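A short write-up of the structure that comes next.
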Amino acid sequence: MSTADAAAASAGTNTLAKLELAERDSLVLLHSDTPEGRYCAERLKTFYDGKVRDTVFVHIGKLGYGAAQFTSGLKALVDAAIRQVHEGRKKGFQTTL
């Protein structure tokens, strides 16, 4: 995947390719509480290694399978995204979601 066309590799890389990330950028990957979520985040990190300054994983603990946890998982995702934006702004970074 590291040599694949970003737009063709996956939905994640297709979306991120539109941001035109640069070597000075940091990338925060929020992933679900599933093996697939972690796997996808790891593949995205591998793809972007050397293309951005650093890549950070944020595990969303309540975001997993099933309707019973959907609402709490969605709230956890929104909370994590907002927290990352606030942390980035405190450091003087421009944040993009």
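The values are calculated or read from the model by the stated rules, or taken from the named source; none is laboratory data. Just so you know, these numbers come straight off a predicted model, no measurement behind them. As a convention, Cβ positions derive from the backbone with ideal geometry for all residues, glycine included, and neighbour counts pool all protein chains shown.
Quick notes on this structure:
- From the list R43, R53, R38, the lone residue that is touching a residue at least 40 places away in the same chain (Cβ under 8 Å) and either more than 14 Å from T96 (Cβ to Cβ) or in contact with a Cys (Cβ under 8 Å, 6 or more places away or on another chain) (or both) is R43.
- In summary, no helices (runs of 4 or more DSSP H) completely within the stretch 1-88 bear 1 or more residues that are in contact with a Pro (Cβ under 9 Å, 6 or more places away or on another chain) and modelled with pLDDT of 95 or more.
- Those residues of the stretch 69-95 which are in contact (Cβ under 8 Å) with a residue 24 or more places away in the chain and of a type in the set (A, V, I, L, M), in sequence order: L77, A80, A81
- Identity of the residue in the stretch 24-47, buried (at least 16 other Cβ atoms within 10 Å of the Cβ) and charged (D, E, K, R), that ends up farthest from A81 (Cα to Cα): R43
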